[in-house]
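A.B. asks: I have a structure I would like to understand better, so I am pasting it below and will then ask my questions one at a time.
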Amino acid sequence: MQQIDHRLIKLLIGVIALALAFFVKYVASVDLGSISYAYHTNARDWFVGLLFAVAALFISFKGEPGKGEPGKGKLGVERWLTILASLCAALVALAPCDCKKPYTLVGIVHWLAAGGLFAIMGYFCWRFRRTAKGKVPKYPQANRRVLLYTGCLLCMIVCVFMLGAYLFKKTAIDHEWPQYIFWVETLFLVAFGVSWLTASRALPVITNPMEKFHILTGQADEDIAGETDNDRLQASQLPTAQA
């Protein structure tokens, strides 16, 4: 059974993350105090559906394999994190938060799931940055991705502090900026979406032509080159015919 290429998964997750907040706000046609409040508007079905799409994509993303004996199928840390991220995304959809009563059981589950999801998003941004940094000697364009990941990660950290500040100044902030949480969450999702789009290696300029992922073929030129090298290696190891 052929698996979905990890770069296509990253591309789809990135697109959904970039579009989610703006799309549900447009469909809801009302001011949203938070992205989650879309559940209580006309955008509910889209909000839940997109989160479940993200959950399905996360569960399909394998990450790096764990260390262990070959063939044992040991799950790596990233695989466990994507499973947890999938669960968190589903819980955010299934346990909608009533923003006026955030401390109910459902509200606490919602915020814990959202917090876990945000933390995992931050981890993967850091992980992508480390991977890109290792590719700089071979592909100089990877340094541009390192800069992008750094910017996205810093943006996520700032958003977390802004959300933390809300807990201490909730009344004043709600009075001055009723959509404060919505726009901070949106900024976080945009940073997350940009990092995953970048990691898909489907974008020009920041990706070397050899490593650029082609959506229609589902491959990069370096994949084809690698397959050719493997074929040549296997051919060289075949026993030669004796005269």
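A.B. asks: At what distance in nm do the modelled label points of Asp5 and Asp31 sit from each other, each positioned 7 Å from its Cα along Cα→Cβ?
C.D. replies: 4.5
A.B. asks: Right, here's the next one. Pop the C-beta distance of Leu147 and Ala119 into the FRET formula with R0 = 25 Å and round what comes out to the nearest 0.05. It would help to have the intermediate numbers written out before the result.
C.D. replies: Numbers: r = 23 Å, r/R0 = 0.92.
Plugging the Cβ-Cβ distance into 1/(1 + (r/R0)^6) gives 0.60.
A.B. asks: Label Leu187 and His214 with points 7 Å out from Cα along Cα→Cβ: what is the distance between them in nm?
C.D. replies: 4.1
A.B. asks: Residues with amide H under 5 Å of His214's amide H, sequence separation 5 or more or different chain, H placed in the peptide plane at 1.01 Å from N; which?
C.D. replies: Amide H to amide H, under 5 Å and 5 or more residues apart or across chains, His214 pairs with Gln219, Ala220.
A.B. asks: Expected output is a single nm value to one decimal: the length gained when fully extending between Leu105 and Ala56, i.e. 0.36 nm times separation in residues minus the C-alpha distance. What is it?
C.D. replies: 15.1 nm
A.B. asks: If you take the beta carbon distance between Thr41 and Phe161 as r and set R0 to 30 Å, what does 1/(1 + (r/R0)^6) give as a FRET efficiency, to the nearest 0.05? The partial results should precede the final answer.
C.D. replies: Values: r = 28 Å, r/R0 = 0.95.
FRET efficiency, Thr41 to Phe161: 0.60.
A.B. asks: Students sometimes get this wrong: rank Leu11, Leu167, Leu32 by accessible area, probe 1.4 Å, all chains present, largest first.
C.D. replies: Result, largest first: Leu167, Leu11, Leu32.
A.B. asks: Another question about this same structure. Return the long-range amide H neighbours of Ala43 (sequence gap of 5 or more, or a different chain), with a cut-off of under 5 Å between placed amide H atoms.
C.D. replies: Residues meeting the amide H criterion: Ala28.
The values are calculated or read from the model by the stated rules, or taken from the named source; none is laboratory data. Since the model is a prediction, treat every value here as computed from it, not as a measurement. With ideal geometry, Cβ positions are generated from the backbone for all residues, glycine too; neighbour counts draw on all protein chains shown. These accessible areas exclude ligands, DNA and RNA; they are computed on the full protein's heavy atoms, side chains included. Shrake-Rupley method; radii C 1.70, N 1.55, O 1.52, S 1.80 Å.
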